[in-house]
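Remarks on the structure that follows.
The values are calculated or read from the model by the stated rules, or taken from the named source; none is laboratory data. The model shown is predicted, which means the values in this text are computed figures rather than measured ones. Quick reminder, even Gly has a Cβ in these numbers, built from the backbone with ideal geometry, and neighbours come from all protein chains shown. Side chains included, ligands, DNA and RNA excluded: accessible areas come from the protein's heavy atoms. Shrake-Rupley method; radii C 1.70, N 1.55, O 1.52, S 1.80 Å.
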Amino acid sequence: MKRILRLISMTVTLAAGFATGACEMGSSIQQVKAQHEAELMAIPGVVSVGIGNNGKGEPVIVVGVEQEGEETLSAIPRSLSGYPVEVRPIGKIVTH
Amino acid sequence: MTHTLENARAVAHANRSVLLNKANVVATGVGYKVRRGEKSDTLCVVCSVERKLSPSELRDEERIPPEVDGLPTDVVETGPIRALQSTTGRFRPAPGGVSVGHRDITAGTLGCVVFRDGQPYILSNNHVLANSNAANIGDPILQPGPYDGGRLPDDRIAVLSDFVPIEFEGAPSGCGVAGNVVGVLNKLAEWAGSDTRLQAVSVQARENRVDAAIARPLEDGDVSKEILHIGPVKGMGQGELGMAVKKCGRTTGFTQGEIQQIDVSVKVQYGGGRVALFVDQLMAGAMSRGGDSGSAVLDDSDRLVGLLFAGSDSSTVINRIENVFSALNLSL
């Protein structure tokens, strides 16, 4: 009986794990960006978060930083849910 | 016969008025003759025409002779020549792309003419027409803006009609519950003998989508539906990644760029330590500087896609025009 219960619980855990993974894989870049935006914007030195293309024309999450300081750069992940994160120094954004 | 430059200039000068009197000729000067696209070393009188016509389309007296006083002529097509109009001058009617501003600001850009309930309005930014929330409805709008010499009452072109308030980060909260909680905490702090007092501030940044305002012209005829150096707006478009865009602004005039990012959330500095968070913005490369705020941003087909309002040395931040039009209930 115990073994059966353990087997069921393992199956459930595995299924849940796959489901989460599949859900993450299926998320659009817009969804992933929206999900992580607040934490990215809270990093000191980050001024913007948007969606752009990299040199190969693939969609990337673009994080704009005031300047490329080590502390800021080390706090920004390289990718989010499989989407590359590209850091671009854009300076201070002021009204024009 | 070869001419010295001095001699050629004398001949050109002597024949200038005869040549300029011919229909179609807009300029004369001395230059080197161009043969089959190649510059030669033969001096000539260059006659610039609006449009090149075949000799059969012209009466004899309108034709430019092959040479004058032994000096060859050359005909080049330049189109009509207009004075390069400064964006900082006074214009009536005023087109988009020129200096404008609330009486208490420096200067920004008149975006374009828009309509609400069938009436024409000037579209620009809140921080240009409404002094970043500080203005009152009915305040005078000057063209050119005060920094460019616009003065009351002569240069008043419109009155402020409406604006979308900008929500700044860390501004005192309008939330009653937060205020009450802070009040209670401060009472407790007082009772505990603490000198520290709390102030209710919005911790959660409030989101802005547009920095926009409209002003009603004093006379409908004082504004033009054209945009300087661009022409009339030909409908509405939607900003997309990789789209080529252009604008005419008070400071940098006509410039072009490309939308490099969409769905942008960005912190914008408003001076005096005020910061506002904007979401759903378009970001282009460098195509703007201070004073260009309020410029209408158009695509390759002259469709309106955005309202420029901020940037850095390397980037330009643009409100989506669909957000501007829905926030202020506008149409073209």
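Taking region B:35-50 as the region of interest, how many residues are within 19 Å of B:Arg9 (Cβ to Cβ) and modelled with pLDDT under 90? Full working, then the answer.
Quick first cut of region B:35-50, residues within 19 Å of B:Arg9 (Cβ to Cβ) only: B:39-48.
From what's left, modelled with pLDDT under 90: B:39.
The total comes to 1.
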Worksheet, complete the sentence: Within region B:49-94, residues part of a loop (DSSP other than H, G, I, E, B), closer than 24 Å to B:Leu228 by Cα and open to solvent by less than 40 Å² (accessible area, probe 1.4 Å) come out as B:Gly79, B:Thr87, B:Gly89, B:Phe91
Worksheet item: List the pairs whose first member sits in region B:259-274 and is more than 7 Å from every other protein chain (Cβ to nearest Cβ), whose second member is open to solvent by 20 Å² or more (accessible area, probe 1.4 Å) and among the aliphatic types (A, V, I, L, M), and whose Cβ atoms are under 7 Å apart, counting only residues at least 6 apart or on separate chains?
Response: B:Ile259/B:Leu241; B:Ile259/B:Met243
Response to the item:
Going through (1) closer than 21 Å to B:Thr2 by Cβ; (2) in a strand (DSSP E or B); (3) touching a Ser or Thr at 6+ places or on another chain (Cβ under 7 Å) one by one, B:Leu43 fails only at (3)
Worksheet item: Is it true that B:Arg209 is touching a helix residue (DSSP H, G or I) at 6+ places or on another chain (Cβ under 8 Å), open to solvent by 10 Å² or more (accessible area, probe 1.4 Å) and either away from chain A (no Cβ under 14 Å) or of a type in the set (Gly, Ala, Ser) (or both)?
Response: yes
Item to complete: Might you let me know whether region B:79-89 holds any residue that is small (Gly, Ala, Ser), touching a residue at least 40 places away in the same chain (Cβ under 8 Å) and within 30 Å of B:Gly111 (Cβ to Cβ)?
Response: yes
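Among the residues of region A:25-34, which ones are open to solvent by 30 Å² or more (accessible area, probe 1.4 Å), touching a residue at least 12 places away in the same chain (Cβ under 8 Å) and either within 11 Å of another protein chain (Cβ to nearest Cβ) or touching a strand residue (DSSP E or B) at 6+ places or on another chain (Cβ under 9 Å) (or both)? Talk me through it step by step, then tell me what you get.
Kept after step one, since they are open to solvent by 30 Å² or more (accessible area, probe 1.4 Å), are these residues of region A:25-34: A:25-26, A:28, A:30-31, A:34.
Restricting the remaining residues to those that are touching a residue at least 12 places away in the same chain (Cβ under 8 Å) gives A:25, A:30.
Result: A:Gln30, single match.
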Worksheet item: Which pairs do you get when a residue that is more than 9 Å from chain A (Cβ to nearest Cβ) and in contact (Cβ under 8 Å) with a residue 60 or more places away in the chain, found in region B:281-295, comes within reach of a residue that is in a loop (DSSP other than H, G, I, E, B) and open to solvent by 10 Å² or more (accessible area, probe 1.4 Å), reach meaning Cβ atoms under 6 angstrom, with the pair 6+ apart or on two chains?
Response: none
Practice prompt. Taking the residues in region B:119-148 that are closer than 19 Å to B:Asp222 by Cα and without any contact (Cβ under 8 Å) to a residue 40 or more places away in the chain as candidates, determine which candidate is most open to solvent (accessible area, probe 1.4 Å).
Written response: B:Gly138
Practice prompt. Could you grab me the full set of residues in region A:58-82 that are within 13 Å of chain B (Cβ to nearest Cβ) and open to solvent by 50 Å² or more (accessible area, probe 1.4 Å)?
Written response: A:Glu58, A:Pro59, A:Glu66, A:Gln67, A:Glu68
Item to complete: Determine whether A:Gly45 is within 24 Å of B:Val268 (Cβ to Cβ) and at the interface with another protein chain (Cβ under 8 Å from one of its Cβ atoms).
Response: no
Discussion item. Condition check: among the aliphatic types (A, V, I, L, M) and within 11 Å of another protein chain (Cβ to nearest Cβ). Does B:Val245 satisfy that?
Written reply: no
Worksheet item: Got at least one residue in region B:229-237 being without any contact (Cβ under 8 Å) to a residue 60 or more places away in the chain and of a type outside the set (A, V, I, L, M, F, W, C)?
Response: no
Item to complete: Filter region A:83-96 down to residues that are facing chain B (nearest Cβ under 10 Å) and open to solvent by less than 30 Å² (accessible area, probe 1.4 Å) and give me whichever is nearest to the chain's Cα centre (by Cα).
Response: A:Ile90
Practice prompt. Determine whether region B:22-32 contains at least one residue that is out of contact with any Cys (no Cβ under 9 Å at 6 or more places or on another chain), open to solvent by 70 Å² or more (accessible area, probe 1.4 Å) and not in a helix (DSSP H, G or I).
Written response: no
Worksheet, complete the sentence: Scanning region B:48-78 residue by residue, those of a type outside the set (A, V, I, L, M) and within 34 Å of the chain's Cα centre (by Cα) turn out to be B:Ser48, B:Glu50, B:Arg51, B:Lys52, B:Glu77, B:Thr78
